[in-house]
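Report on the following structure.
The values are calculated or read from the model by the stated rules, or taken from the named source; none is laboratory data. Quick caveat, the model's predicted, so the values are computed rather than measured. Here the Cβ positions follow ideal geometry from the backbone for every residue, glycine too, while neighbour counts run over all protein chains shown. For the accessible areas, the whole protein counts, side chains as well, though only heavy atoms, and no ligand, DNA or RNA atoms are used. Shrake-Rupley method; radii C 1.70, N 1.55, O 1.52, S 1.80 Å.
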Amino acid sequence: MFAYLLRRLFFFIPIVFGVMLLTFVLFFVVQSPDATARRVLGQKATPKSVENWLHNRGYDKPLLINHTPGKPWHDSLFIHQMGRLATFDLGTSDVSGRPLREVFAQGVLPSLLLTLPAFLLSIALGVGLALYLVFIRNAVVDLAASLFCVALMSVPVMVYVIFGQFVVAQVLNYFPAFGFELSGWSTPKFLLLPVVLMVVSGLGADVRLFRALFLEEMGQDYIRTARAKGVSTVQVLMRHVLKNGLINLITLVVASLPFLIMGSLLLENFFGIPGLGNVLFTAIQAPDFAVVQASVFLGSLLYLGGLLLTDVCYAWADPRIRLQ
Amino acid sequence: MTPRSISRCFALLAAAFACSFFTVLRAAIVLACGFAMGACSNNPHPEPLEKKSGDGTPWKVRYAALPEDPRSLDPQVSYDSVSRRVLEPLQECLLEYQPFKTDPYELTPCLLRALPERFERSGGGIGYKCELKAGILFHNDPCFPEGRGREVVAEDVLYAFQRIADPKVECPALSTLQDYVEGLAETFEAARKSDSFDYHKPISGLRVTGKYTFEIHLKAAYPQLLYWLAMHFTSPVAKEAVEFYDGKVHDGATREMFRFHPVGTGPFQIAEWKRNTRIRLKRNPDYRTTTFPLEGWNADQEALLRPLAGKALPFVDEVNMTVFRETIPIFLLFRQGYLDGMGVGKDAFSSLITPSRDLSGKYKERGVSLHRDIEPSTFFMALNMEDPVLGPNRKLRQALSCAFNAKSNLDIFFNSVPIVAEQLLPPGIAGYRKNFRNPYGYNLQKAKGLLAEAGYPNGKDAGGKVLEITLDTTGGSANERLMAEFDQQQFEQLGIKVKVVENPFARLMEKLDNGGFQIAAGSGWGADYPDPENFYFLYYSKNLPPAGKNHSRYQNPEFDKLFETMATMENGPAREGLALKMNDLLAEDVPHVLNMHRSTFSLTQPWAPRIQSNPLLEGGLKYAVVDYEMREQLRAQWNKKPAWPLAVLIAVFAFGAFLTLHARRTS
């Protein structure tokens, strides 16, 4: 297993390199460093100030390979940036000059405070409701719930956000419509509404998926045997269907763990939660290539880490699977 | 948490346990939700920094909105509107704008004792003698010995000018000031070559002549220098602060960078900055620089402002600026009374403003006030004078100008908020003529006649070929595309064909710089300072791109001559006369199709009446007032919680319980 992990970790290097190269090319094909400088400095920027801005950030170097006579080929923007990232030096923001290590460190906790409770609640509610629907399958309530789930899935997230902000926060005055405070007991009041909205917006899809997974398990021979032995439906569901359905759940759950850290772009923005989603959104608008690049770098590492963790969890959950 | 909400929670708990099929877990969930709903305050702001002000009155907080985090609060760097708005109450300038005089704008001393005194230097050139007020202190800050702010001296102004010339600082003012202030360009180039800046070496254009006195030496006459002294770029900076806040680790703790920790002399200082969330400013207890003006306001403000005349500033103890990236939450919080003012954007426009451009009745009843401000800015379409079709054909340019209905454009896309630009200079700038009408403003019949005179009757040339013109715009959003289509339709009314090319912002800037366009939409200029020179320089032939901003590539020796004379004159009737002549030349030559002077609607709550409306003050927070008691009363009135949602909550959980019971029975 150790050799397997080592080999998988080794594969991270070319994959992350490829992702970074793709990001770099896409970003600078769409917008040259010169154009980025102009957007950051605004309409009134003079060529001299643009030149100075580029020089101070190293953007005056050739993009991928340095063909200048007398200069080493690797004295280019991409190679410099990759060298920096290889040592986990995320650099500084192109716009504000803030160290990105600090920017990301400050954004992780607010993002997790939003996404983790929402994630856990979604799983708990999704699994619970799906089990219930499997239990009463083909009943009127099951059909109604399925339709309701489809309706929940069909509504765009923005509608939930506007509904939540306007009705719950504005008309009913129960929660703050906006804001965030990371200090003890005042934090939950800012998170309750976005967490509920995040759960509700994803619930329909989760329940439908989990229900399908559990129904598949219900059709297995071992379930029939258990039923024949007189095991009650509730026990069948809780002890057998749920346990064996876990393997499929793991794929979904573990693979989505890295995205929790990266936060929610939309909800963080609308509720003023200063998480990583907010950081990335601001960087794209600015545009701040350093932040985008660092986000992609961290995101790809987290995603690869998540996939690796999924494989490990498979082996843990299913004794038939061996990592070689 | 109020006794009412506690009792509500207990009632919920009892109800939950009373039902036999409720489990303890479910009761706990109901309790938690009820507790949260009953006890949560919907106020998004933290408790004020203190309860009482120094004079025993309640601590007064002003709540404002920011569209994003400031990029930099370094006075020599800060140039974007958000950063300037935050910096304005923190860092004072040598001069400032009189808050009530906007037509024309007027400069008054701030850190300086009096307006700078101009003198002719013996070796040629112009100089300005300046004297700082004595006894002005920097904010108390750990960068100073014992944390006590020291006195501002002339050396701090020299240090600010050195920072302007430091390439690493990236001061946006350098490109202009280096053309006038002696030694600035040379110092910049030397630092650029050596890749380091020698702060021990003075700049020849700024001579410190005493503890509080200094002279600014110019290469040529440049009366606009005074406006630069009213900007933060030339604000004195404490060297200790820049050296202290270096962003590095000292004694195990990382210090902020100076750009995030300004140490100024303003009426407020930063008490808390939670990145991407909020900035809280606290009154500077040592603030003595200025007091409330004794005069200058309009007669209708007399009752409000007379009691404030001559009083110490600021009037509020704390300013809370919350960062909102979306406009909808701003509107929601304003409605709840958690913001003291807001700009009226597109999202909330129809809810707030009536078709007659008045405040809607619902908000009038609440005591909200509506304000309309015209910014010193002008937006237009640039016509390329070097283009072989447009350049030599003045009649064609005049026809295009006549074909564009600016008013319709503003009605359709801007809710009729901006005003139609009849001339390049916006209101409030010396040389602006109130009753002037653009001779080539919208008139379709005239446009067709001019087009025929230009050699294109019905849009066709002598050979019968339809004239085709390219219109470059910024693209991307649906709205931008609609605007481009509108512009296209306007010109095509003449029978010509207009090809629209959508460009990313930076690409359009490139085209403007290299001249690769015929008509460029969305060009414009917002005043750095309220002087006609700051607008007419856009058409000065020595300002051709890429170094300058004469994107139309307008070259008229007569205009240039007038510009050179006007630019170096002191304000007065003679200067205004020249500005008028220049306006007439531009109006006749039509190097642009004029569109609008930007204007904004904003709202203020009844407890936060507007004191001043000078757009060049970037908020003028030191003049802001708040009626604390009225705010508390109205907030309580506007934020009552109905009880029925709790009943709905119980019903939902009861239904859940029923489902469970049903499941058990079935099983």
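Things to note:
- Under the Karplus curve 6.51 cos²θ - 1.76 cosθ + 1.60, θ = phi - 60°, whole-Hz ³J(HN,Hα) for segment A:36-49, x wherever Gly or Pro sits: 4, 4, 5, 5, 5, 7, x, 5, 8, 5, 9, x, 5, 5
- Cα-based shape type of segment A:109-317, given that a ≥ b ≥ c are square roots of the gyration tensor eigenvalues and the cut on a/c is 1.5: oblate
- For the pair B:ALA478 and B:ALA574 in one chain, pulling the backbone fully straight at 0.36 nm per residue adds 29.8 nm over the alpha carbon distance.
- Inter-chain neighbour count for B:370-383: the average number of beta-carbon atoms from partner chains within 10 Å of each residue's beta-carbon is 0.
- In range of the label at B:ASP55: residues from segment B:108-135 whose backbone nitrogen is under 17 Å from the point 7 Å along Cα→Cβ: none
- In order along segment B:309-317, the Karplus-derived 3J(HN,Hα) couplings, from 6.51 cos²θ - 1.76 cosθ + 1.60 at θ = phi - 60°, round to 3, x, 6, 5, 9, x, 9, 10, 8 Hz, and Gly and Pro are given as x.
- The calculated pair-distance distribution of chain B uses every alpha carbon pair, bins of 20 angstrom beginning at 0, and gives 15, 42, 30, 10, 2, 0 percent.
- For the protein assembly as shown: rounded, prolate or oblate by the Cα gyration tensor [a/c cutoff 1.5]: prolate
- Between helix B:394-403 and chain B there is an angle of about 30 degrees, using the helix long axis and the longest principal axis of the Cα atoms.
- Principal-axis tilt of helix B:644-666 within chain B, Cα atoms, nearest 10 degrees: 60 degrees
- Förster radius 60 Å - calculated FRET efficiency between B:ALA299 and A:LEU143, Cβ distance, rounded to 0.05: 0.25
- For segment B:421-529, the Kirkwood estimate of hydrodynamic radius, built from reciprocal distances between every pair of different alpha carbons, is 16.1 Å.
- Once exposed loop trypsin sites (Lys or Arg not before Pro) are cut out (DSSP; at most 16 other Cβ, 10 Å), longest piece of chain A: A:45-136
- Within the same chain, lysines fewer than 8 places from B:LYS497 are excluded, and of the rest, those with a Cα less than 28 Å from its Cα are B:LYS395, B:LYS407, B:LYS446, B:LYS448, B:LYS460, B:LYS465, B:LYS511.
- Those lysines that a straight Cα-Cα span of less than 18 Å connects to B:LYS622, excepting residues fewer than 8 apart in one chain: B:LYS60, B:LYS101, B:LYS282, B:LYS311
- A:HIS67/B:ASP246 FRET efficiency (R0 30 Å; Cβ-Cβ; nearest 0.05): 0.20
- Kirkwood analysis of segment A:2-86, using all unique Cα-Cα pairs, places the hydrodynamic radius at 14.8 Å.
- Loop-located chymotrypsin sites (Phe, Trp or Tyr not before Pro) in segment A:67-122 (DSSP state other than H, G, I, E, B) with a sparse environment of at most 13 neighbouring Cβ atoms within 10 Å: A:TRP73, A:PHE88.
- Accessible area (Å², per residue) of chain A, counting only protein heavy atoms and a probe of 1.4 Å: 47 Å²
- For the chain pair A and B, the interface hides roughly 5300 square angstrom of accessible area in total, found with a 1.4 Å probe.
- 0 to 90° range, to nearest 10: angle between helix B:24-39 axis and chain B longest Cα axis: 50 degrees
- Here A:LYS229 is the anchor, and the lysines within straight C-alpha reach of less than 30 Å, apart from those fewer than 8 places off in the same chain, are A:LYS243.
- Options A:LEU252, A:MET158, A:LEU172, ranked by Cα towards positive dipole end of segment A:109-317, top entry (Cβ charges): A:LEU252
- Ordering B:GLN555, B:LEU578, B:TYR529 by the projection of their Cα atoms onto the charge dipole of the protein assembly as shown, which places +1 on the Cβ of Lys and Arg and -1 on the Cβ of Asp and Glu, puts B:TYR529 at the extreme positive end.
- Within 10 Å of each Cβ in B:42-49, the average number of Cβ atoms from other chains: 5
- Computed magnitude of the charge dipole of segment B:543-650 (debye, nearest 20; Cβ of K, R +1, Cβ of D, E -1): 740 debye
- Database remark: amide H of B:GLU272 closer than 5 angstrom to the amide H of B:ARG280 (H placed geometrically; neighbours at sequence offset of 5 or more, or on other chains; Pro and chain starts carry no H).
- Using a probe of 1.4 Å, the accessible surface attributed to B:ILE164 totals some 0 Å² when neighbouring protein chains are kept in position.
- In this Cβ point-charge picture (+1 for Lys and Arg, -1 for Asp and Glu), chain B has a dipole of about 2500 debye about its Cα centre.
- Bridge type composition, the protein assembly as shown - antiparallel percent by DSSP, nearest 5: 80 percent
- Per-residue average of Cβ from other chains inside 10 Å of A:5-13: 0
- Dipole axis of the protein assembly as shown (+1 Lys, Arg; -1 Asp, Glu on Cβ), positive-most option in B:MET630, A:VAL296, A:ALA226: A:ALA226
- Cα gyration tensor shape of segment B:514-605, rounded if a/c is under 1.5, else prolate or oblate by comparing a/b with b/c: oblate
- Distance in nm between pseudo-label sites at A:LEU9 and B:VAL208 (7 Å out along the Cβ direction from Cα): 5.7 nm
- Across segment B:125-272, Cα-Cα distances exceeding 17 Å account for 63% of all pairs.
- Here r is the Cβ-Cβ distance between B:SER416 and B:THR565 and R0 is 35 Å; the resulting FRET efficiency, rounded to 0.05, is 0.35.
- Note on segment A:109-317: with charges restricted to the Cβ of Lys and Arg (+1) and Asp and Glu (-1), its dipole about the Cα centre is near 680 debye.
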